[in-house]
Amino acid sequence: MALLTASLAACASDDGGSDDGTVELTIATFNEFGYEDLIEEWNADNPDIQVTQKKVGTWDDAKENLYTKLASGSGLSDIEAIEGDAMPAIMAESDAFVDLTDSELDGRWLDWKAEAATNGDGQMIGYATDAGPEGICYRSDLLKKAGMPTERDEVAKLWTTWDDYFAEGEKFVAAVPGTAWYDSSQGTSQAMLNQVANPFESDDNTIDVENPELKEVWEAVTGNVNLSTRLSQWGDDWIASFQNDGFATMACPGWMLGVVEGNAKGVEGWDFADVFPGGGGNWGGSFLTVPSQSEHPEEAKEFAAWITAPEQQVRAFEAIGAFPSQVDALDAPEVLEASNAFFNDAPVGEILASRAEAITVQPYKGPKYSDILQAFQAAVTRVDDGSNEPDESWRTFLSDVEQLG
Amino acid sequence: MSQRASTAVRAGQGSDPLPGPGAPDGRVRLTLRQRLSRWDAKFSPYLYVSPFFVVFLLVGLFPLAYTAYVSLYEWNLIGGQGDYIGLENYRRVLENPYFLKSVVNTFSIFVLSSIPQIVIALALAGLLNAPLRGRSFWRMGVLVPFVVAPVAVAIIFGNLFGDRYGVFNEMLGWIGVGPIQWHVDRLASHVAIATMVNWRWTGYNALILLAAMQAVPRELYESAALDGAGRIRQFFSVTVPMIRPTLLFVIVTSTIGGLQIFAEPRLFDETMARNGGSDRQFSTVTMLVYDFGWRLRDLGKASATAWLLFLIVVAIALLNYALTRRLTGQGEKR
């Protein structure tokens with residue numbers, strides 16, 4: 001046993017550094033962060049701190065890896081990216097993360113972003129990367145087929161409320177059979193949840209999933225499954241649906257633009273409208289944390305501070321559309337004047353900035369938010385894929401939440 | 001029998017007091033060298049087999065006992081050990097609606113995979129045992145699926161079994177069969193997962209059975225042929241009875257593997273939580289262990305589930321053992 005532990009320890013220290021004094025850092029990200037070029041640049045400028053990126057597909061996979069290795073006390077990267085919705089749960093484990101508080105960085109982030117990463121003791125646990133103001137991505141060619149307006153200014157006038165959005169959807173699916181109105185019920189429900197002040201938990205962290213606002217979201221999403229592809233968001237079929245005219249519109253936070261472009265490679269007709277049903281909404285936006293188990297917390301902190309600086313996040317925005325959460329980056333010309341060729345040269349910077357301004361509600365997210373959200377999405381999926389009637393699925397959701405304790 | 005008798009004789013010799021001069025108590029005083037050599041004969045065999053048992057103790061028995069210990073406590077993945085709560089975790093698991101569902105799923109996938117797997121492996125081994133041109137090529141060929149990593153298998157089969165844009169549904173469409181909801185329909189999802197398992201393990205089992213077939217004495221086939229038995233008759237009346245012990249070995253190992261299935265259903269899952277479908281249509285017991293331990297971060301409940309699975313596997317293994325003894329017993333009588 002001792003031998004086993006020793007050899008494991010030897011492995012662990014191998015990737016921490018090498019004999020010539022170079023510090024080797026790893027950064028674990030999920031989905032797309034747009035960091036590839038930035039890391040290359042850092043490595044060229046900092047020969048003594050070399051960074052490697054580890055990417056996984058989705059946050060849910062990253063989360064399991066994170067918790068497994070937090071529990072075992074080793075194996076995490078020096079820098080771990082955390083999805084915004086999970087930050088409250090991460091802060092409940094503050095001891096396992098390095099306090100990144102740095103007075104020099106005061107005022108770098110939007111207030112609500114900085115607050116979301118600061119725990120009860122005033123320690124900043126994570127550096128915010130991006131924010132997720134949402135617009136609507138749409139296929140202008142498919143809207144044209146349905147005889148609907150296709151110009152992004154006209155599209156933006158079509159729906160300001162969710163009722164309008166669903167009503168337009170009914171018209172669309174009647175005109176274009178075989179193509180859904182939106183990409184997934186999960187995406188739509190998440191967009192709606194992000195406009196609710198207390199979706200799952202009250203301000204004192206009491207779980208309350210039987211509130212009228214949540215019920216409203218539930219009924220809207222499960223009552224309109226005919227408008228959805230009925231596919232699981234992020235699944236193989238969902239990815240394939242981008243190439244098969246699977247749907248016409250979807251809720252698009254900035255970071256989603258890169259996902260759409262990647263999945264819909266070669267498909268023409270995508271555009272991005274400056275509108276969101278029910279007002280503004282923020283979906284996601286991540287944080288970089290440094291686990292205490294890192295052997296080089298100082299260097300990791302330095303790198304995390306560098307890559308989340310406004311200048312770098314502007315470049316990440318240019319790479320994949322992740323909208324910066326740094327105050328100075330918001331009026332950077334590179335952001336405001338940015339357009340995206342894939343989305344019919346839409347002025348994505350200007351649109352996302354306007355979408356960010358429209359955000360009026362920051363939902364309260366307690367430590368169980370991420371777990372309850374997962375159960376909620378499963379409940380939506382059960383109705384979507386036809387395995388349950390809505391009432392039955394809702395009951396299962398309630399019992400799942402009870403299991404969370 | 002002879003083995004046991006000789007041990008008894010040797011043991012008798014060792015303890016028999018031999019009368020001799022210079023030993024008032026009736027014992028012969030042995031030199032150190034003699035004593036060492038006696039110990040050597042007595043204990044060395046145990047020493048030689050000990051590495052296996054030491055390793056087993058470390059990686060088998062210790063985790064087993066520790067899991068039992070953890071299952072009696074409130075135990076958070078991050079927070080660690082909490083209060084002693086006795087069998088409460090077991091009660092919670094047994095009351096959880098997903099437990100029974102997972103047990104049923106596990107058995108269903110196990111039956112759908114093990115039975116076709118062994119039947120096809122047997123047929124395949126029979127074919128490979130026949131004189132073929134390029135024998136090595138065919139024999140290695142059946143092992144290729146086994147070499148492919150399960151993750152790659154899952155990606156390939158994920159594309160084949162897509163609910164909407166999958167290859168199989170496309171092909172079913174040509175013959176007018178409606179699309180099958182591979183990830184939603186409970187039985188269909190079990191069939192899809194069993195296919196993945198079979199694809200991976202059939203060739204491997206076929207090679208083990210083939211090795212056993214090669215050891216069957218040729219004379220038996222000659223006499224069978226003289227008695228007028230055709231190839232098929234020879235296979236069922238000579239080959240199959242002769243390889244029965246190996247066949248049982250394959251059945252036992254595939255049972256144990258089948259009951260612990262994890263990677264295939266988990267990777268097959270398209271939902272974000274990866275719990276085995278939105279309604280746990282294909283959640284298995286090991287997936288539930290993972291769900292409790294790593295998603296809900298309750299190691300106490302995860303350990304209790306793991307122990308329940310262990311008991312199920314032991315029960316099935318005992319059943320297999322009884323079956324093995326009966327069947328091989330018959331084999332000896334013949």
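The values are calculated or read from the model by the stated rules, or taken from the named source; none is laboratory data. Just so we're clear, the structure is a prediction, and the values are computed from it rather than from any experiment. Positions of Cβ are backbone-derived with ideal geometry, glycine not excepted, and every protein chain shown enters the neighbour counts. Surface accessibility is based on the protein's heavy atoms, side chains included, excluding ligands, DNA and RNA. Shrake-Rupley method; radii C 1.70, N 1.55, O 1.52, S 1.80 Å.
Per residue of the range A:230-239, what does 6.51 cos²θ - 1.76 cosθ + 1.60 with θ = phi - 60° give for ³J(HN,Hα)? Whole Hz please, x for Gly and Pro, Karplus curve as stated.
Taking θ as phi minus 60°, the curve returns 6, 9, 6, 4, 6, x, 4, 5, 4, 5 Hz for the range A:230-239.
Taking Cα centroids, how far is the range B:276-304 from the range A:372-402 in Å?
That distance is 17 Å.
For chain A, modelled as a GNM with alpha-carbon contacts under 10 angstrom, which of A:Leu105, A:Leu373, A:Leu66 fluctuates the most?
Greatest mean-square fluctuation among the candidates belongs to A:Leu105.
Enter the accessible area of A:Trp306 (Å², nearest 10), with the probe set to 1.4 Å and all protein chains included.
60 Å²
Using a Förster distance of 41 angstrom, determine the FRET efficiency expected from the C-beta separation of A:Asp102 and B:Leu318, and round it to 0.05. Show your work: numbers first, answer last.
Details: r = 62 Å, r/R0 = 1.51.
With a Förster radius of 41 Å, E is 0.10.
According to a simple spin-label model (label point 7 Å from Cα along Cα-to-Cβ), what is the distance in nm between B:Arg233 and A:Thr22?
Going from the A:Thr22 label point to the B:Arg233 one covers 7.4 nm.
Using modelled backbone amide H atoms (1.01 Å from N, in-plane), which distant-in-sequence or interchain residues come within less than 5 Å of A:Ile49's amide H?
Excluding prolines and chain starts, which carry no amide H, the hits are A:Val23.
I need the helices of chain A that pass two filters: whole DSSP H segments spanning 30 Å or more by Cα along the axis, and mean Kyte-Doolittle score no lower than 0.0. Let's see the in-between values first.
Working: long enough: none.
Long hydrophobic helices here: none detected.
For n ≥ 4 DSSP H runs only, could you compute -39500 (n - 2.57) per run for chain A, divide by its residues and tell me the 222 nm figure to the nearest 500?
On the way: 19 runs with 183 residues, N = 405.
Rounded to the nearest 500, it is -13000 deg cm²/dmol.
Say each of A:Asn244 and A:Asp61 gets a label point 7 Å from the Cα, pointing the same way as Cα to Cβ; how far apart are those two points in nm?
Roughly 2.1 nm, to one decimal.
Just to be sure I understand the interface: list residues from the range B:40-89 that lose 30 Å² or more of accessible area between the chain on its own and the complete protein assembly, 1.4 Å probe.
Listed by number, the residues meeting the 30 Å² cut-off are B:Leu58, B:Leu77, B:Ile78.
For chain A, what's the relative contact order in percent, using C-alpha pairs closer than 8 Å and at least 6 residues apart?
25 percent
Along the Cα→Cβ direction, 7 angstrom out, place labels at B:Val240 and A:Glu311. What is the inter-label distance in nm?
7.7 nm
Specify whether the C-alpha gyration tensor of chain A places it in the rounded, prolate or oblate class, a ≥ b ≥ c being the square roots of the eigenvalues: rounded for a/c under 1.5, otherwise prolate if a/b is larger than b/c and oblate if not.
Details: a/c = 1.83, a/b = 1.43, b/c = 1.28.
In terms of gyration-tensor shape, prolate.
Please report the equivalent ellipsoid semi-axes of the protein assembly as shown, computed as sqrt(5 x eigenvalue) of the Cα gyration tensor, largest first, in whole Å. Show your work: numbers first, answer last.
Working: eigenvalues 637, 253, 121 Å².
Equivalent ellipsoid semi-axes, largest first: 56, 36, 25 Å.
Report, by chain and number, residues whose modeled amide H sits under 5 Å from the one on B:Tyr73, excluding near sequence neighbours (fewer than 5 apart, same chain).
B:Ile85
Considering only lysines 8 or more places apart in sequence, or on different chains, count the pairs in chain A whose C-alpha atoms sit under 14 Å apart. Mind dumping the intermediate values first?
On the way: A:Lys54/A:Lys63; A:Lys55/A:Lys63; A:Lys63/A:Lys368; A:Lys113/A:Lys365; A:Lys144/A:Lys171; A:Lys145/A:Lys171.
Taking chain A as the scope, the lysine pair count is 6.
In the P(r) worked out for the range A:54-98, what percent of Cα pairs fall beyond 16 Å?
Values: 315 of 990 pairs.
Across the range A:54-98, Cα pairs with separations above 16 Å total 32 percent.
Consider all pairwise Cα distances in the range B:121-224 and report the whole-number % of them above 18 Å. Could the numbers behind the result be given before it?
Values: 3214 of 5356 pairs.
Summing the P(r) tail past 18 Å for the range B:121-224 gives 60 percent.
Any chance you could list P(r) for the range A:294-392, counting all Cα-Cα pairs in 5 angstrom bins from zero, rounded to whole %?
P(r) for the range A:294-392, in whole percents per bin: 2, 10, 14, 11, 11, 15, 14, 12, 6, 4, 0.
Just B:Ala206, B:Ala149, B:Ala306 to compare: in a GNM of chain B, with alpha carbon springs under 10 Å, which one fluctuates most?
Maximum among the listed residues: B:Ala149.
Take every residue in peptide A:384-390, count the Cβ atoms of other chains within 10 Å of its Cβ, and give the average of those counts.
Working: counts 2, 11, 5, 10, 2, 0, 0.
Mean partner-chain Cβ count within 10 Å for A:384-390: 4.
In Å², what does the accessible area per residue of the protein assembly as shown work out to with a 1.4 Å probe? Spell out each step's value before the answer.
Numbers: 35440 Å² over 739 residues.
Roughly 48 Å² per residue, with all protein chains present.
What would the Debye equation give as log₁₀ I(q)/I(0) for the range B:258-319 at q = 0.16, 0.17, 0.18 Å⁻¹, counting only Cα atoms as equal point scatterers?
-0.52, -0.58, -0.64
Once the piece of chain linking A:Ala358 and A:Thr160 is laid out straight, how much longer is it, given 0.36 nm per residue of separation minus the C-alpha distance between them?
Values: separation 198, 0.36 × 198 = 71.28 nm, distance 1.17 nm.
Gain on extension, A:Ala358 to A:Thr160, equals 70.1 nm.
Just to confirm a number: summing +1 for Lys and Arg and -1 for Asp and Glu over residues other than A:Trp59 whose beta-carbon lies under 15 angstrom from that of A:Trp59, what do you get? It would help to have the intermediate numbers written out before the result.
Details: positive: A:Lys54, A:Lys55, A:Lys63, A:Lys365, B:Arg274, B:Arg295; negative: A:Glu32, A:Asp60, A:Asp61, A:Glu64, A:Glu80, A:Glu83, A:Asp85, A:Asp130, A:Asp371.
Taking every Cβ under 15 Å from that of A:Trp59, the sum is -3.
To the nearest 0.05, what FRET efficiency results for A:Glu350 and A:Trp112 with a Förster distance of 25 Å applied to their C-beta separation? Write down the numbers at each step before the final one.
Values: r = 22 Å, r/R0 = 0.86.
Result of the calculation: an efficiency of 0.70.
From the Cα trace of chain B, what convex hull volume per residue do you get, rounded to a whole Å³? It would help to have the intermediate numbers written out before the result.
Values: hull volume 81.9 nm³, N = 334.
So the per-residue hull volume is 245 Å³.
Using modelled amide H (1.01 Å from N, peptide plane; none on Pro or chain starts), what sits under 5 Å from the amide H of A:Glu134, excluding residues fewer than 5 places away?
So A:Glu134 has HN proximity to A:Gly281, A:Trp283.
If r is the Cβ-Cβ distance from A:Glu213 to A:Lys54 and R0 is 41 Å, what FRET efficiency results, to the nearest 0.05?
0.60
Of the candidates A:Asp384, A:Asp78, A:Asp245, which one comes out as most mobile in a Gaussian network treatment of chain A with C-alpha springs shorter than 10 Å?
Highest fluctuation among the options: A:Asp245.
Put +1 on the Cβ of each Lys and Arg and -1 on the Cβ of each Asp and Glu in chain B; which of B:Tyr221, B:Asn205, B:Thr271 then has its Cα farthest toward the positive end of the dipole?
Farthest towards the positive pole: B:Tyr221.
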